[in-house]
Amino acid sequence: AHGDGAGHGDGAGDGDGDAAVSTGTVAGVPLVRIADGNATQRVAFESLLQYVYSDHTNIDGEGCDALGILLLAARWRVPRLVTLCELYMTLGFDVAVRDDIVEADIELAALLNVVASVDAPQLKAFLLHFASTNYQPVSQRADFDAYDAPLAAHIDAHQFPPKSYWRELDEYSVALKKWEKKHAKDASSSSSSASLFSS
C-alpha cells in the first residue's frame, strides 16, 4: 500500500459523474470500480492510481487535469499527491497572471471556491493571498463577484493596500486642496498689496 494510506470515508467517490464508485469491501479493503465518466475524469483517476502504486504520476500529460487529480487525491486521502498538484497548479497560475491579472485567462473565483471546499490548504492560502495582495486588479476582473461569501469577506478584510490607506489618501487630498486654495488666496492678496505700493 502507498505510504499516504489512500482510502475513503463513507460514500467516498459516490455521486453522479464520479470517476470512481465504492462497491463495498473485502476483508476491510475497499473495492472500487471505474464508473462511466468523461475522459478527463477517467484520466484523473488513472493518474491517482498510478501515484498510489508507483509513487509518481504525470500531472501535465495529455488529457490530464491537475485540478481533477487534486480533487480525487483530496477525496481519497492521498495528501502527498494533493501537495504535488498544489505545487504544479501554483506554478501554472503564476505563468497565467504574469502579464495581465485583469484579463488573465483563468477562472480565479471558481478555482478558489472549489479549492476551499476540499483539503488543499496550501493552494487555498496561495490564492487568497494573491487575491488580497493584488486587490485592485483582481477587483476589476469579471468574476470578482463570484467568490463564496466567506472567501469574499477574507479578501476584502485583507486587501492591500488596506482600506485605511484609501481613507487617509482621501483625507490628505482634501487637506491639500484646502491648503492650495488658502495659499493661492494669500499669494493673490500679497500680489495686490505689492502693486499698490509700487504705484
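The table for this structure:
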read-out	value
Residue match in the range 123-132 (condition: within 24 Å of L49 (Cβ to Cβ) and open to solvent by 30 Å² or more (accessible area, probe 1.4 Å))	no
Filter result (modelled with pLDDT under 90, part of a helix (DSSP H, G or I) and either open to solvent by less than 50 Å² (accessible area, probe 1.4 Å) or touching a His at 6+ places or on another chain (Cβ under 6 Å) (or both)) within the range 42-59	V43, A44, F45
Cross-chain or 6+ apart pairs with Cβ under 8 Å, the range 62-74 first and on the phi < 0 side of the Ramachandran plot, then open to solvent by less than 20 Å² (accessible area, probe 1.4 Å) and acidic (D, E)	L70/E86
Single residue of the range 133-173 satisfying the filter (touching a Ser or Thr at 6+ places or on another chain (Cβ under 9 Å) and hydrophobic (A, V, I, L, M, F, W, C)) that is farthest from A110 (Cα to Cα)	F160
Long-range neighbours under 8 Å by Cβ, at least six apart or interchain, first residue closer than 23 Å to N134 by Cα and open to solvent by 100 Å² or more (accessible area, probe 1.4 Å) within the range 77-103, second at pLDDT below 95 and not in a loop (DSSP other than H, G, I, E, B)	none
Some residue of the range 152-168 being modelled with pLDDT under 75 and assigned to a helix (DSSP H, G or I)	yes
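The values are calculated or read from the model by the stated rules, or taken from the named source; none is laboratory data. Everything quoted here is computed from the prediction, not taken from an experiment. No Cβ is skipped: glycine too gets one built from the backbone with ideal geometry, and neighbour counts run over all protein chains shown. Remember, those area values only see protein heavy atoms, side chains included, never the ligands or the DNA or RNA. Shrake-Rupley method; radii C 1.70, N 1.55, O 1.52, S 1.80 Å.
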